[in-house]
Amino acid sequence: MIASVVLSTGLALMLVGFWGVVTHRNILRIIISLSLIGTGSHILIVAIGFVRGGTAPIIDRALPIAEAPLRAVDPIPSALVVTAIVIGLAVTAVLLAYAIRLYDTKRTLSINSFTESKW
Amino acid sequence: MQRILSAAVVILFAMIFASIAIGYSEQQALRPLAESYVKLVPHDLGAPNVVSGILLAFRAFDTLGEVTALFMAAVGVGMVLRGPGRAFSSDVGDEAGSPASEIVRTSAQILIPIMSIFAAYIILNGHISAGGGFQGGAIIASATLLFMLARPARPINVAFLSITESIAGVLFVLVGVAGLVFAGRFLDTRFLPVGEFGTLFSAGAIPVLSVLLGVKVGCELSVLVDRFRS
């Protein structure tokens, strides 16, 4: 149940991002939409790792070592998402840098003015 | 016309996603690989936090590649933003000198030390509880960003940050080579004693890697944020 709710949230966030990418003309808004797609997919990956009745895979008083294989959620998606968040940040930084350069050349952030590479 | 087309694309995606969401059923038990990780990390590596164990031992090579990607992003942003034709920088040049408001400056004075301590805590306890190098490094970078907002005119020492970051990166690789020499595999953390389970000095070289990763990510992200300011 929880996994389905979180999974749907992630997918919905990705849809909002797709909608933003295809409808908005402002480059900054497109970058925000791309971040939304990234965040949605992170939520999706974490949701896939959920195991029914599971808790965080950290061994302590709440999760004794003997019960860990039965009650922990899948740690691999969590580890992958930590990686993905950092890479998403790096990608956003590069996108913003390009946005600044594009603004420098045309003094506008509307994607309609950048027609050189349009086919 | 274009709006209808966009709506059609998004609706098609929505249909695919809906079929995924409806057809999905929760996992009832761990998959074999995950189960072996959950058993192996506390048992062999002595780290209570399984996610940290995966990130810094079993898949530490991926982590190394990932900090390289982050470094590439910092270099890329520097290259893109440098050079002639920066009309944008002259625009904000005057504003950069104007001081931040009293509220921002005062709260920065209070928050930056607390954030630094919290970041150190998160990094050092990465193998025991939730946290780790990436998360702590991000908090360090947030503190740097707050400092930049509070003191827009004050430059930060980018050269120092770059050198610290490089040293942390080199030490990370050297720890990996030490694993190769003393434990038989690259980035094997078991060449240091495993120690008592759940204490600060335990889990072999995982805390060492965590600290190096935290320093590296913190410096890298701070440099990245500073690139956008200048």
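The values are calculated or read from the model by the stated rules, or taken from the named source; none is laboratory data. The structure presented is a predicted model; accordingly, all values stated were derived computationally and were not measured. Cβ sites come from the backbone with ideal geometry, for glycine too, and all protein chains shown count toward neighbours.
Among the residues of region A:1-15 satisfying the criterion of being more than 9 Å from chain B (Cβ to nearest Cβ) and aliphatic (A, V, I, L, M), which is surrounded by the fewest Cβ atoms within 10 Å (Cβ to Cβ)?
It comes out as A:VAL5.
When the residues of region A:72-119 are filtered to those that are in contact (Cβ under 8 Å) with a residue 40 or more places away in the chain and outside any helix (DSSP H, G or I), which remaining residue is farthest from B:ALA130 (Cα to Cα)?
A:SER110
Suppose the filter is modelled with pLDDT of 90 or more, facing chain B (nearest Cβ under 10 Å) and within 13 Å of B:TYR24 (Cα to Cα); does A:LEU44 pass it?
yes
Could you figure out which of (1) assigned to a helix (DSSP H, G or I); (2) surrounded by 15 or more Cβ atoms within 10 Å (Cβ to Cβ) isn't true of B:GLY198?
B:GLY198 satisfies every listed condition except (1).
If I ask for residues that are more than 18 Å from A:VAL46 (Cβ to Cβ) and in contact (Cβ under 8 Å) with a residue 60 or more places away in the chain, which ones from region B:22-52 would you list?
B:PRO42, B:ASP44, B:LEU45, B:GLY46, B:ALA47, B:PRO48, listed by residue number.
Which of the following residues is modelled with pLDDT of 85 or more and either in a helix (DSSP H, G or I) or in contact with a Phe, Trp or Tyr (Cβ under 9 Å, 6 or more places away or on another chain) (or both): B:ALA203, B:ALA178, B:ALA168? Break it down into steps so the answer makes sense when it comes.
Details: B:ALA203 fails: modelled with pLDDT of 85 or more; B:ALA178 fails: modelled with pLDDT of 85 or more.
Just a single option satisfies the conditions, and that option is B:ALA168.
Can you list residue pairs whose Cβ atoms sit under 6 Å apart, with the first residue in region A:10-24 being closer than 22 Å to B:SER19 by Cβ and the second being modelled with pLDDT under 90 and polar (S, T, N, Q)? Count only pairs 6 or more apart in sequence or on different chains.
Pairs found: A:VAL22/B:SER6.
Can you find a residue in region A:26-41 that is surrounded by 15 or more Cβ atoms within 10 Å (Cβ to Cβ), within 8 Å of another protein chain (Cβ to nearest Cβ) and either part of a helix (DSSP H, G or I) or among the aromatic types (Phe, Trp, Tyr) (or both)?
No; the residues of region A:26-41 include none that is surrounded by 15 or more Cβ atoms within 10 Å (Cβ to Cβ), within 8 Å of another protein chain (Cβ to nearest Cβ) and either part of a helix (DSSP H, G or I) or among the aromatic types (Phe, Trp, Tyr) (or both).
Any residue at all in region B:135-149 that's surrounded by fewer than 20 Cβ atoms within 10 Å (Cβ to Cβ), hydroxyl-bearing (Ser, Thr, Tyr) and within 30 Å of B:SER101 (Cβ to Cβ)?
yes
Need the failing condition index for B:SER162 against (1) in contact with a Lys or Arg (Cβ under 6 Å, 6 or more places away or on another chain); (2) in contact (Cβ under 8 Å) with a residue 24 or more places away in the chain, just the number.
The failed condition is (1).
Return yes when A:ALA99 is buried (at least 16 other Cβ atoms within 10 Å of the Cβ) and more than 8 Å from every other protein chain (Cβ to nearest Cβ) and no when it is not. Talk me through it step by step, then tell me what you get.
Numbers: buried (at least 16 other Cβ atoms within 10 Å of the Cβ): yes; more than 8 Å from every other protein chain (Cβ to nearest Cβ): yes.
For A:ALA99, the condition - buried (at least 16 other Cβ atoms within 10 Å of the Cβ) and more than 8 Å from every other protein chain (Cβ to nearest Cβ) - is met.
Under the condition of being free of Cβ contacts under 8 Å to residues at least 40 places away in the same chain and under 30 Å from A:LEU109 (Cβ atoms), which residue from region A:42-58 is surrounded by the most Cβ atoms within 10 Å (Cβ to Cβ)?
The extreme case among them is A:LEU44.
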